[in-house]
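Since every read-out is calculated from the coordinates, none of them should be taken as a lab result. Note that this is a predicted model, so its numbers are computed, not measured. When we count neighbours, we look across all protein chains shown, and the Cβ atoms used for this are built from the backbone with ideal geometry, even at glycine.
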Amino acid sequence: MPLKLGIPRETAKGERRVAIDPFVISRLTKLGVEIYVEKGAGKSALISDSQFEGATLVKDIKELSEKVDIMWRVQAPTSDEIKLMRNGTVLIGTLMAHNNIAMLKTLQDKKITSFGMELIPRISRAQSMDVLSSQAAIAGYKAAIMGADIAPRFFPMLTTAAGTIRPSKVIVIGVGVAGLQAIATAKRLGAIVEAYDVRPETKEQIQSLGAKAIELSISAVGKGGYARELSAEEREQQQQELAGYISLADVLITTAAVPGKPAPKIIPDSTVDGMKEGAVIIDLAAEGGGNCTLTRPGKTITHGSVVIHGPLDVASQVPVHASEMYSKNLFNFMQLLIDEKGDYVPDFEDEIVIGALLTKDGEVMHEGTVALLNKTLGGK
Ligand code: NAD
């Protein structure tokens, strides 16, 4: 029996991506996988039903859920959507279970084998499956575009008959995947760019993009190439040292994050008070609460003349390429779950497969999520 893979229309509010792209359909059908797509699933990513060539269209999520062995999603399904799935279905998506204990319970009840794409270990071999990186790169690009759009000034230097316009200064804080893309995009738009991160190794990366690295007295390297959380004293020191640089910025893009923690507060109200008239903050860390104390996730507010924009689900605002990259990440991960005949034969000894495994046979399998559950439920 060929493996049946299903792709539903995403139902999360504002979500415009779809988990499969036509190129990936052709790759999977060559392996003998049968693909079922819910009608209209690609509409908001500008993929029409007729472009899903090689896949069978089904009318709704109920019909899809009854048919398939594996389901790919961008975002987590609702509990009602999980209840429609057959017991034992395999679910792969960016599930973010740490924010959604109710979903976990339903996955357990339905004995769904679920893989969280965001849980894939960030080792070299998994780079082609890394949705955090592919979607963060898109968000970083878009953040620079948003900054240029909202700012009351040009990014590039312009020499015109009406005089010479000085370029804008853009400061990027947090130089991971999103920050690097924001730097590159702001540079391409002609801004003068400075950037800062607590990890010292970012200095070279910043300079390689033609930007200036801001160096402070604090360094905070954590586990696995990530930053660690700063102590209260370090945080204050950082805020004070950064305020002087930020007071000269036209656009500030913040992307700082520490895995498993709320976004670090790096920009207090007082720093915003010291910013230039008409300066703009694009707080990409809004999803985790924001790097700026004034950020309101999902909103654009004005503090004095400073605009603070806290966008959510930014990758979804570039749905065509975000879907293409996401779908390729899923396809690459899927290679670890199926063999050359297209049969589902996951290797649970593989650190990538086991690292991404969230639930199986009614149990929560992911160690970090088990620890979180024990903490939340008081060890029950
Ligand atoms: P992230 O989204 O967790 O954090 C974004 C950035 O914020 C990081 O660079 C972090 O150092 C920085 N940050 C945290 N606290 C800060 C603070 N108080 N002040 C200033 N900056 C702060 O990170 P990410 O973009 O997902 O990835 C982080 C690193 O991991 C990157 O260097 C990336 O290249 C690396 N990475 C490696 C692989 C791989 O080898 N497969 C895959 C993905 C990412």
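For the range 72-222, the relative contact order works out to 15 percent when only alpha carbon pairs closer than 8 Å and six or more residues apart are counted. Relative contact order for the chain: 18 percent, from Cα pairs under 8 Å spaced at least 6 residues apart, divided by residue count. For I165, the residues whose amide H sits under 5 Å from its own are L158, T159, T160, ignoring neighbours fewer than 5 places away on the same chain, with H placed 1.01 Å from N.
Given axes a ≥ b ≥ c from the Cα gyration tensor, I'd like to know whether the chain is rounded (a/c under 1.5), prolate (a/b larger than b/c) or oblate.
Judged from the Cα gyration tensor, the chain comes out prolate (a/c at least 1.5, a/b above b/c).
What number does the range 115-210 give for Rg over Rh if you use C-alpha atoms and the Kirkwood radius? All intermediate terms of the calculation are to be shown ahead of the outcome.
On the way: Rg = 16.0 Å, Rh = 14.7 Å.
Ratio of gyration radius to Kirkwood radius for the range 115-210: 1.09.
Whole-Hz Karplus values for the range 104-114 come out as 4, 4, 5, 4, 5, 4, 8, 6, 7, 8, 10 Hz, taken residue by residue from phi with 6.51 cos²θ - 1.76 cosθ + 1.60 and θ = phi - 60°; glycine and proline positions read x.
For the listed residue pairs K4/K30; K30/K328; K261/K375; K39/K360; K4/K328, the alpha carbons are over 21 angstrom apart in K39/K360.
How would you classify the range 314-372 from its alpha-carbon gyration tensor, with a ≥ b ≥ c the square roots of the eigenvalues: rounded for a/c under 1.5, else prolate if a/b is greater than b/c, otherwise oblate? Before the final figure, lay out the partial values.
Values: a/c = 2.86, a/b = 1.27, b/c = 2.25.
Cα axes put the range 314-372 in the oblate bin.
Rounded, prolate or oblate, given the Cα gyration tensor of the range 271-380, with a/c below 1.5 counting as rounded? Note, shape of the range 271-380 comes out oblate. In the chain, the longest principal axis of the Cα atoms and the axis of helix 177-188 are about 50 degrees apart. Based on DSSP H segments of at least four residues, each scored -39500 (n - 2.57), the chain has a per-residue ellipticity at 222 nm of -9500 deg cm²/dmol.
I'd like the FRET efficiency for Q237 and D361, computed as 1/(1 + (r/R0)^6) with the beta carbon distance as r and R0 of 41 Å, rounded to 0.05. After rounding, the FRET efficiency stands at 0.25. The length gained on full extension between E229 and K212, counted as 0.36 nm times the residue separation minus their Cα-Cα distance, comes to 3.7 nm. Normalised by the number of residues in the range 287-345, the average gap of Cα pairs under 8 Å and 6 or more apart makes the relative contact order 19 percent.
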